[in-house]
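The values are calculated or read from the model by the stated rules, or taken from the named source; none is laboratory data. Remember, it's a predicted structure, so these values are computed and weren't measured experimentally. All Cβ positions, even for glycine, are placed from backbone atoms using ideal geometry, and neighbour counts span all protein chains on display. When the accessible area is computed, the model is the full protein with side chains, heavy atoms only, and any ligands, DNA or RNA have been set aside. Shrake-Rupley method; radii C 1.70, N 1.55, O 1.52, S 1.80 Å.
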Amino acid sequence: MQTHSITLGRNIPNAGKVTRQMWNQFLKDEVCSRLDFATVTEGVGIYKGELEDCMTISIQVDERASGSDTLIKKLQDVGNAYKIQFRQECILYSSTLIADLVFRWP
């Protein structure tokens, strides 16, 4: 299993910030239309020494299963769409190996 994530800064160079309304529209138009599941986490990052609000979109995939490459590509496509739409210099992409993933019920 692996977790793949993109972290998206909310500062728009020379044009303010990605507002909550803009973010929600992006989620609806670009993320929900491409991904059937994901975790979205809000945070604060540092880019070029400056604090910046950010959003991280993560998916967990079993790289041995068919279709996992397609899911990863869709996540990367979301990042590219964000980069273009909000004039970002870059986005952060990461993947992490998950040694064990267990769902527990009470």
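Find all pairs meeting these conditions: Cβ atoms under 7 angstrom apart; at least six residues apart or on different chains; first residue within segment 16-35 and open to solvent by 60 Å² or more (accessible area, probe 1.4 Å); second residue in a loop (DSSP other than H, G, I, E, B).
LYS17/ARG10
Has segment 71-83 got at least one residue that is over 19 Å from SER33 (Cβ atoms), among the small types (Gly, Ala, Ser) and out of contact with any Leu (no Cβ under 9 Å at 6 or more places or on another chain)?
No, segment 71-83 contains no residue that is over 19 Å from SER33 (Cβ atoms), among the small types (Gly, Ala, Ser) and out of contact with any Leu (no Cβ under 9 Å at 6 or more places or on another chain).
One residue is enough: does segment 39-47 have a residue meeting the conditions without any contact (Cβ under 8 Å) to a residue 24 or more places away in the chain, more than 26 Å from GLY16 (Cβ to Cβ) and surrounded by 11 or more Cβ atoms within 10 Å (Cβ to Cβ)?
The answer is yes, given that some residue of segment 39-47 is without any contact (Cβ under 8 Å) to a residue 24 or more places away in the chain, more than 26 Å from GLY16 (Cβ to Cβ) and surrounded by 11 or more Cβ atoms within 10 Å (Cβ to Cβ).
Those residues that are under 18 Å from ARG87 (Cα atoms) and polar (S, T, N, Q), I need them from segment 1-56; list them, please.
Of everything in segment 1-56, those that are under 18 Å from ARG87 (Cα atoms) and polar (S, T, N, Q) turn out to be THR7, ASN11, ASN14, THR19, GLN21, ASN24, GLN25, THR56.
Right, LEU51: within 13 Å of ASN11 (Cβ to Cβ), out of contact with any His (no Cβ under 9 Å at 6 or more places or on another chain) and of a type in the set (A, V, I, L, M, F, W, C) or not?
Answer is yes for this residue.
Quickly run through segment 51-72 and pick out the residues that are open to solvent by 50 Å² or more (accessible area, probe 1.4 Å) and in contact with a strand residue (DSSP E or B) (Cβ under 8 Å, 6 or more places away or on another chain).
LEU51, ASP53, GLN60, GLU63
Within segment 73-84, how many residues are open to solvent by 80 Å² or more (accessible area, probe 1.4 Å) and of a type in the set (A, V, I, L, M)?
Matching residues across segment 73-84 total 1.
Looking at (1) touching a residue at least 60 places away in the same chain (Cβ under 8 Å); (2) crowded, with 16+ Cβ neighbours inside 10 Å, find the lone condition where ARG87 falls short.
(2)
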